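Trainee: This is the structure, below, for whatever I ask next.
Throughout, read-outs are computed from the coordinates displayed, never taken from laboratory work. Quick caveat, the model's predicted, so the values are computed rather than measured. Cβ sites come from the backbone with ideal geometry, for glycine too, and all protein chains shown count toward neighbours.
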Amino acid sequence: MDKESGRQASNIFGNLGSFLRKCIFRVLSVGPVPKHIAFVMDGNRRYAKKRKLTEGAGHRIGFFALTSMLKYCYELGVKYVTIYAFSIDNFKRRPEEVQSLMEFLQEKIEGLLEEESIVNRYGVRVYFIGNLKLLSKSVRLAAERAMAATASNSKAVLSICVAYTSTDEIVHAVQESCEEWDEIKVLDPSGSGYGLIALEGNELNQGDSVISLAVVEKHMYMGVAPDPDIIIRTSGETRLSNFLLWQSAFSHLYSPPVLWPEIGFRHLLWAVLDFQRNFIYLEERKKVVQIPQIDRDRSS
């Protein structure tokens with residue numbers, strides 16, 4: 001009887017919490033709702049050390065925090081969520097720690113394939129962003145399976161940055177843009193096709209060898225999502241740590257002092273409220289700078 005009463009009480013509180021969130025989100029929706037929120041999940045190791053937990057326990061607890069954040073974002077109507085899961089620089093950590101994190105990552109990636117996973121419940125398409133060639137074969141194959149399995153989901157998009165740094169992304173995009181440009185020159189050695197690439201919508205003079213901003217952006221790993229409206233980094237750090245440097249020129253930055261496993265609904269709520277408070281200013285700054293961007297607001 002005690003267990004049954006406990007389950008009933010848990011269901012009641014769960015339903016009440018869900019109802020209250022819906023009410024709050026309905027009020028928030030009166031203002032501008034961010035299309036894209038990105039998270040730097042900082043503080044898992046420090047959380048474990050502070051609580052005297054075993055190595056890796058912080059990341060496992062942090063995964064539950066991530067699941068909650070994803071649920072809150074999708075309930076609010078945020079279509080794009082990006083998380084910084086593993087930096088290229090993280091490969092410099094102790095081999096035992098890297099191996100443990102890769103095994104944990106593979107476990108969670110394979111969990112995305114389960115029918116009751118959060119991505120299937122909310123119709124989320126998953127992308128793995130970064131230099132995936134740096135991952136072990138088993139992790140890379142798991143990531144490819146997850147992307148293929150969720151390819152038909154269209155309600156929201158989750159971008160998981162693994163083996164990623166922004167500088168690597170920029171170098172990759174420039175290299176591919178140059179290769180594309182070389183292919184055009186090979187196809188049309190006379191130079192008559194050079195005007196196919198234009199800067200800010202203007203045709204180039206015949207023979208000009210300029211690669212436009214739109215061409216570079218087309219080759220970015222993060223071309224699957226619009227630029228983030230909000231970047232949330234926990235543990236009070238205000239550094240981007242080589243994350244979305246190209247895309248964050250007009251992002252609202254929010255740095256709650258809590259470690260990642262401690263993040264909660266109130267922190268997301270405050271980030272969105274602060275974004276709404278600064279929304280007009282951010283939009284005005286975009287108009288002043290007038291940076292041309294390709295249209296990446298799509299679910300494909």
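Trainee: Given H placed 1.01 Å from N in the peptide plane, which residues other than close sequence neighbours of His252 have an amide H under 5 Å from its amide H?
Mentor: Close amide H contacts, sequence-distant or interchain: Ile230, Ile231.
Trainee: State the answer as a single residue: which of Val139, Asn153, Ile129 lies farthest towards the positive end of the charge dipole of the range 75-159, with beta carbon charges of +1 for Lys and Arg and -1 for Asp and Glu, about the Cα centre.
Mentor: Among Val139, Asn153, Ile129, the one farthest towards the positive end of the dipole of the range 75-159 is Ile129.
Trainee: Once amide H atoms are built 1.01 Å from N in the peptide plane, which residues 5 or more positions from Ile129, or in another chain, come under 5 Å H to H?
Mentor: Residues meeting the amide H criterion: Ile160, Cys161, Val162.
Trainee: Residue separation times 0.36 nm, minus the C-alpha to C-alpha distance between Asn120 and Ala249: what's the value?
Mentor: 43.2 nm
Trainee: Among 215-222, 137-144, how do they line up from the highest to the lowest mean number of other beta-carbon atoms within 10 Å?
Mentor: 215-222, 137-144
Trainee: Past 20 Å, Cα to Cα: identify those pairs from Lys108/Lys218; Lys71/Lys108; Lys155/Lys286; Lys35/Lys287, in the order given.
Mentor: Lys108/Lys218; Lys155/Lys286
Trainee: Assuming R0 = 35 Å, what is the FRET efficiency of Leu53 and Gln276, from their Cβ-Cβ distance, to the nearest 0.05?
Mentor: 0.45
Trainee: Another question about this same structure. Can you tell me the convex hull volume per residue for the range 27-71, based on C-alpha atoms, in Å³ to the nearest whole number?
Mentor: In the range 27-71, the Cα convex hull volume per residue is 92 Å³.
Trainee: May I ask you to evaluate 6.51 cos²θ - 1.76 cosθ + 1.60, the Karplus curve with θ = phi - 60°, for each residue of the range 110-125 and list the ³J(HN,Hα) values in order in whole Hz, giving x for glycine and proline?
Mentor: 5, x, 5, 7, 5, 4, 8, 5, 4, 5, 7, 5, 9, x, 9, 8
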